[in-house]
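To start, the structure under review is shown below, and the notes come after it.
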Amino acid sequence: MNYSVTQLRERVLIAAEKVLKRNGSVGPLELVQELDFLQWRYFEDWRKGLKLDSPIESRIQCGTEKLADTYRLFAEWVTEKGLKTIEAEYSRRTVNGVEALPLTTDNNTERETFYRTHYAPAELSEKKSERLQQKLTKAPDLVVFVTTSDDAKCSECDDEIMPGEFLFLEGHMPLCVRCADLDRLVFLPSGDTAMTRRAKKHSPLSAVVMKFNRSRKRYERQGLLVTNAALAQAEDDCIADADQRAARREVAAVQRIVVDQKLVEQMSSAILEQFPNCPADEAHQIAAHAAVRGSGRVGRSAAGRELDPKAITLAVIAHVRHVHTSYDTLLMNGVERGEAREQIRDSLDEVLNSWRG
Ligand SMILES: [Zn+2]
């Protein structure tokens, strides 16, 4: 043994007390972070679903014997303090629903339960315990990446994902935002906390945008993807309660995508040809959205592709799904994508049929 158990006990007790005081509860994974056996940064990335290659257990850097002693001393401390247990899941949010994060290499039930168990003061009320359990279990937000490599491809539609464009990871498979059903969302850059908080609150579907910083070797938050309506609502909120000029400056800072107006007009008419009862402003909205994709990427050839009747129908379907059904809310509540589409199929068909006339 190349360590002193007495010293280790001292360290474990101090660390456990510290985490308990800070978080209101303490679990093994929080303890080993405080002891520097597990990198905080790595744990954070793992929580967000950015590190799926290895289970978190394999990243705890500590000798087997010492780690066993650590957990034993921790358990003794828990008993002495008479703490109560709160079991919480570690999970991540995906467009396919909520998935459990990998904890152990061999899916060992006993150790999985051990890592999921948190300890809180026994006198914590029923209501507060419940809230704590919810807080611990809540999956972090959906994450979208800004592509940095120049050979990224969507695993579903095979389209290239260019550097600077958004990419979503479904497990290990990269998806373009269109295939991930996130292309209805607009980008709100980081920097304005009030706008960010409000836009997120108003948005039925949102995702955090991250970008890998090569020199610092870590992911950095760039902003948030939210619905256009949520962004508008957040802007209104900010204008309503902040100093008028300051708020307008903030609003102006929000990046807007330049839309090819001629293409929008062409597409609007193409939509109305197929869906004569579609309200004109919605046809315009659908066209404006599709045109951003077209012009932003490969110019004329994409524009041509967007006017293809099949592409028009797909754009209309996507719009109806997001605007006229509960699809986004279902996704945010962890309903699997296929299941969500099944659930809203009737309301989708109803709108499409009425628009076809
Ligand atoms: Zn795709």
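Counting only residues that are outside any helix (DSSP H, G or I) and not hydrophobic (A, V, I, L, M, F, W, C), which one in segment 314-353 is surrounded by the fewest Cβ atoms within 10 Å (Cβ to Cβ)? Per the criteria, the residue is 333. Answer yes or no: is there a residue in segment 210-228 that is of a type in the set (Gly, Ala, Ser), assigned to a loop (DSSP other than H, G, I, E, B) and either under 25 Å from residue 287 (Cβ atoms) or within 16 Å of the ligand (Cβ to nearest atom) (or both). Checked segment 210-228: no residue is of a type in the set (Gly, Ala, Ser), assigned to a loop (DSSP other than H, G, I, E, B) and either under 25 Å from residue 287 (Cβ atoms) or within 16 Å of the ligand (Cβ to nearest atom) (or both). Could you tell me whether any residue of segment 12-32 is at pLDDT below 95, in a helix (DSSP H, G or I), more than 23 Å from residue 120 (Cβ to Cβ) and of a type outside the set (D, E, K, R)? No, segment 12-32 contains no residue that is at pLDDT below 95, in a helix (DSSP H, G or I), more than 23 Å from residue 120 (Cβ to Cβ) and of a type outside the set (D, E, K, R). Within segment 203-215, if we keep just the residues that are modelled with pLDDT under 90 and farther than 22 Å from residue 315 by Cα, the residue that is surrounded by the fewest Cβ atoms within 10 Å (Cβ to Cβ) turns out to be 215.
Residue 205 satisfies every condition listed in (1) touching a residue at least 40 places away in the same chain (Cβ under 8 Å); (2) within 16 Å of the ligand (Cβ to nearest atom); (3) in contact with a Lys or Arg (Cβ under 8 Å, 6 or more places away or on another chain) except (2). Before we move on, is residue 99 more than 16 Å from residue 27 (Cβ to Cβ), among the acidic types (Asp, Glu) and part of a helix (DSSP H, G or I)? No, not satisfied. Take the conditions (1) surrounded by 14 or more Cβ atoms within 10 Å (Cβ to Cβ); (2) within 25 Å of residue 77 (Cβ to Cβ); residue 126 misses just one of them, which is (1). Taking into account only those residues within segment 149-199 that are of a type in the set (S, T, N, Q) and more than 10 Å from the ligand (Cβ to nearest atom), which is surrounded by the fewest Cβ atoms within 10 Å (Cβ to Cβ)? Among residues in segment 149-199 that are of a type in the set (S, T, N, Q) and more than 10 Å from the ligand (Cβ to nearest atom), the one surrounded by the fewest Cβ atoms within 10 Å (Cβ to Cβ) is 193.
Taken together, the residues in segment 134-148 that are more than 18 Å from residue 94 (Cβ to Cβ) and either within 10 Å of the ligand (Cβ to nearest atom) or hydroxyl-bearing (Ser, Thr, Tyr) (or both) amount to 2. Any residue at all in segment 259-273 that's of a type in the set (Ser, Thr, Tyr) and modelled with pLDDT under 60? Scanning segment 259-273 turns up no residue that is of a type in the set (Ser, Thr, Tyr) and modelled with pLDDT under 60.
Being surrounded by fewer than 17 Cβ atoms within 10 Å (Cβ to Cβ), outside the structural domain of residue 212 (by TED's automatic domain parsing), hydroxyl-bearing (Ser, Thr, Tyr) and part of a loop (DSSP other than H, G, I, E, B) holds for only one residue in 104, 113, and it is 104.
The values are calculated or read from the model by the stated rules, or taken from the named source; none is laboratory data. Just so it is clear, the model here is predicted, and its values are computed rather than measured. Glycine gets a Cβ as well: all are built from the backbone with ideal geometry, and neighbour counts include every protein chain shown.
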